[in-house]
Amino acid sequence: MADIQMDEIQKRMIEELADLHEVPVGAYNFRANSKLAGRNTTANIDIVSKEDGTGIDIRVKAGTKKESVHIPVVISASGIKETVYNDFFIEDDCDVVIVAGCGIHNCGKQDSQHDGVHRFFIGKNSKVKYVEKHYGDGDGDGKRILNPVTEVNMEEGSSMEMEMVQIKGVDSTKRTTNATLKADAKLVVHERLMTHGVQQADSIYNVILEGDGSSADIVSRSVARDTSYQKLDLCIRGDARCSGHTECDSIIMDNGRILAVPSLEANNVDAMLVHEAAIGKIAGDQLNKLMTLGLTEAEAEEQIINGFLK
Amino acid sequence: MLELKNISYGVEDNGDNKEIIKDLTLTISDGKFTVITGPNGGGKSTLAKLIAGIIKPTSGRIILDGEDITDMNITDRARKGVGFAFQQPVKFKGIKVIDLLRIAAGKDLKVAEACTYLSEVGLCARDYINREVNGSLSGGELKRIEIATVIARDVKLSVFDEPEAGIDLWSFQNLTRIFEKMRAERTSGSVVVISHQERLLKIADEIVVLANGKVKTQGKGEDILPTITGTDAAVDSCSMLN
Ligand SMILES: Nc1ncnc2c1ncn2[C@@H]1O[C@H](COP(=O)(O)OP(=O)(O)OP(=O)(O)O)[C@@H](O)[C@H]1O
Ligand SMILES: [Mg+2]
């Protein structure tokens with residue numbers, strides 16, 4: 001990563017987060033230990049720091065197609081606590097991929113915390129794919145804390161596909177996603193969550209289907225191991241002729257605990273809202289099948305969990 | 001050779017002990033194609049699970065090639081060469097057909113190799129190799145994949161629990177061919193199929209009739225087949241109720 005100013009640990013974190021092994025093509029903004037480590041803009045995508053220094057504005061010009069924006073954040077120093085506001089202004093008729101993510105490497109005694117507030121303003125008929133990955137490592141006593149807030153405002157006919165992944169190493173997280181959809185807007189969310197040890201994760205979705213023909217599909221798959229705890233709130237409100245579906249599918253292992261609190265609110269007779277939720281341990285027949293193929297119980301569990309969270 | 005010696009298996013049923021397998025003794029010889037048949041509820045699947053180690057007998061011993069495997073877990077038995085195709089195939093989220101075949105083969109199968117197994121069970125490999133082994137596959141497709149995983153294991157004792165269930169008549173011929181081929185290629189091991197199908201019974205070297213948790217009859221296919229095709233299966237089950 002030639003023109004990016006980061007050390008080896010930070011570069012490794014970026015690889016974990018974004019599968020990036022080199023500087024990405026397209027626009028990017030790398031933030032390391034609360035400082036700008038590299039930025040690139042393109043003819044269609046501009047990135048500017050907010051005047052008060054609290055974050056960045058990403059502006060994507062109308063009609064921009066097949067371009068991408070990477071905005072990874074890494075924290076490798078102990079004791080950093082920051083809140084960052086990133087605003088995405090996607091004009092009409094775009095088709096872009098946005099990859100965000102935050103990695104915390106904490107070897108120290110103090111807690112490190114990154115609270116990212118991402119706001120999306122998605123123009124008419126624009127298509128956005130958003131990938132957000134959270135990752136933590138380092139063996140210090142200091143906690144790794146991430147509290148992301150995502151706000152999505154979708155104009156008519158726009159669509160957004162969100163992939164939210166947090167599989168490893170984040171001690172405490174409270175993730176909140178709020179979305180409002182105008183007519184014919186479409187939101188699809190795939191969340192993957194795994195907690196270990198004494199970790200705690202809250203994931204809250206509040207989706208409002210405001211316009212006729214809008215739709216939302218939120219699928220959350222999670223695994224709680226050891227003595228970790230998860231609270232999953234998937235809420236959809238339908239104010240128009242719309243369709244909403246939430247699915248919360250969880251595996252508990254060891255002494256893990258999960259509280260799923262789904263809610264549906266229909267304020268229009270043509271709102272079609274569906275919720276599905278299932279929590280349970282790994283099915284015995286799944287383990288048995290893989291064991292009859294020669295895997296040990298632990299290997300079978302690993303295969304089942306890996307598949308489940310894929 | 002697989003020997004089942006005085007096997008009993010009981011479950012707790014409303015406070016009572018319900019014997020499903022009753023002091024059963026049976027030998028499955030090498031190089032043979034054995035079909036186990038008998039009325040519904042007779043204990044066939046239970047017996048298969050006892051062989052695979054999914055359940056443990058209340059009493060009796062299970063001996064594989066002279067080695068007592070009664071106390072071995074499923075994994076160890078699988079590694080000793082026991083293969084088992086479930087009557088009801090298990091579904092997985094996120095695990096693909098190729099993943100399952102790789103686990104079964106115990107190595108990083110090439111796509112072409114994996115395809116061979118699927119073709120053998122009559123699936124157009126290209127369409128299936130990357131599908132997830134989940135509820136989006138039809139019952140018959142799942143059943144064929146289940147059979148393919150056991151073929152891919154290539155072990156000395158393969159037990160198939162009602163492989164024909166859900167498989168259409170057109171493909172049935174192929175299924176019969178699979179077992180004939182397995183028998184031809186495996187002179188040292190054995191293939192055990194639990195089935196109600198006359199066409200499979202017809203190609204059996206050995207037939208075992210299991211009813212009410214016991215071996216009712218066992219013998220050469222050609223000797224046993226005429227004694228069961230003439231009878232009405234329903235009569236058997238009704239007499240079980242008495
Ligand atoms: N865990 C259990 N608890 C209570 N009863 C059981 C249990 N497992 C099996 N059984 C009973 O044992 C009997 C034998 O079941 P099994 O599944 O082995 O029959 P089967 O011969 O395979 O029948 P089929 O031809 O219908 O597949 C049945 O009456 C079944 O209801
Ligand atoms: Mg059965």
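The values are calculated or read from the model by the stated rules, or taken from the named source; none is laboratory data. Quick caveat, the model's predicted, so the values are computed rather than measured. Using ideal geometry, Cβ is built from the backbone for each residue, glycine included, and neighbour counts are taken over all protein chains shown. Calculation scope for accessible area: heavy atoms of the full protein, side chains included, ligands and nucleic acids excluded. Shrake-Rupley method; radii C 1.70, N 1.55, O 1.52, S 1.80 Å.
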Here the relative contact order (percent) of chain B, from C-alpha pairs under 8 Å and at least 6 apart, is 27
note: the protein assembly as shown, Cα-Cα separations exceeding 33 Å make up a percent value of 55
Of the accessible area of the protein assembly as shown, computed with a 1.4 Å probe and all protein chains kept, carbon and sulfur make up a percent value of 47
Relative contact order of chain A (C-alpha contacts under 8 Å, at least 6 apart) in percent is 10
Nearest-0.05 FRET efficiency for residue A:276 and residue B:17 at R0 = 35 Å, using Cβ-Cβ distance, is 0.35
Shape call for the range A:144-192, from the Cα gyration tensor axes a ≥ b ≥ c (a/c under 1.5 means rounded, otherwise prolate when a/b beats b/c, else oblate), comes out prolate
Distance in nm between residue A:259 and residue A:226 label points, each 7 Å along Cα→Cβ, equals 2.1
If every Lys and Arg gets +1 and every Asp and Glu gets -1 at its Cβ, then about the Cα centre chain A yields a dipole, in debye to the nearest 20, of 280
Rounded to the nearest 0.05, FRET efficiency between residue A:310 and residue B:110 (Cβ-Cβ, R0 25 Å) equals 0.70
Over 23 Å (Cα to Cα) among B:5/B:202; A:109/A:168; A:81/A:143; A:281/B:110; B:18/B:214; A:281/B:156 -> B:5/B:202; A:281/B:110; A:281/B:156
Relative contact order in percent for the range A:1-123 (Cα pairs under 8 Å, 6+ apart) equals 25
Per the 1/(1 + (r/R0)^6) rule, R0 = 60 Å and r from the Cβ atoms of residue A:147 and residue B:124, FRET efficiency to 0.05 is 0.75
Which of A:291, A:13, A:164 fluctuates most in a GNM of chain A (C-alpha springs under 10 Å)? That residue is A:291
Residue span residue B:29 to residue B:63: 0.36 nm per residue of separation minus Cα-Cα distance leaves a gain in nm of 11.0 nm
Computed about the Cα centre, the charge dipole of the protein assembly as shown from +1 Lys/Arg and -1 Asp/Glu charges at the Cβ has a magnitude in debye, to the nearest 20, of 900
Counting only protein heavy atoms and leaving out ligands, DNA and RNA, the solvent-accessible surface of residue B:24 at a 1.4 Å probe, in Å² to the nearest 10, equals 0
Among the range A:84-109, those whose backbone N falls under 18 Å of a label point 7 Å along Cα→Cβ from residue A:188 are A:94-99
Per residue, accessible area of the range A:171-310 with a 1.4 Å probe, heavy atoms of protein chains only, in Å², comes to 40
For the pair B and A, the solvent-accessible area buried on both sides (1.4 Å probe; DNA, RNA and ligands excluded), in Å² to the nearest hundred, is 1800
Simple SL model, points at 7 angstrom along Cα→Cβ for residue A:204 and residue A:36; separation in nm is 3.3
With +1 on the Cβ of every Lys and Arg and -1 on the Cβ of every Asp and Glu, the dipole magnitude of the range A:171-310 about its Cα centre, in debye rounded to the nearest 20, is 160
Net charge (Lys, Arg +1; Asp, Glu -1) of residues whose beta-carbon lies under 10 Å from that of residue B:141, residue B:141 excluded, is +1
Sorted largest first, the C-alpha extents of the range A:171-310 along its principal axes in whole angstrom are 52, 32, 19
Normalised Cα Rg of chain B, dividing by 2.2 N^0.38 Å with N its residue count, works out at 1.01
The range A:145-192 and the range A:84-140 have their Cα centres apart by a whole-number Å value of 10
Out of A:140, A:120, A:185 - ranked by how far each Cα lies towards the positive end of the dipole of chain A, with unit charges on the beta-carbon of charged residues - the top one is A:140
Per the helix-only model, the protein assembly as shown has a calculated mean residue ellipticity at 222 nm (DSSP H runs of ≥4, -39500 (n - 2.57) each, divided over all residues, rounded to the nearest 500) of -6500 deg cm²/dmol
Checking the range A:167-252 for trypsin sites (Lys or Arg not before Pro) in a loop per DSSP with at most 16 other beta-carbon atoms within 10 Å yields A:241
Once Lys and Arg are counted +1 and Asp and Glu -1 for all other residues with Cβ under 13 Å from that of residue B:226, the total becomes -1
Straight-line reach check, residue A:66, cutoff 22 Å on alpha carbons, 8 or more apart in-chain or any other chain, hits among lysines -> A:124, A:127, A:129, A:133, A:186
For the range B:75-132, listing trypsin sites (Lys or Arg not before Pro) in a DSSP loop whose Cβ sees at most 12 other Cβ atoms within 10 Å gives B:107, B:110
Result for the range A:1-164: accessible area per residue, probe 1.4 angstrom, in square angstrom, of 44
Along the dipole axis of the protein assembly as shown (charges at Cβ: +1 for Lys and Arg, -1 for Asp and Glu; origin at the Cα centre), the most positive-end residue among A:283, A:84, A:269 is A:283
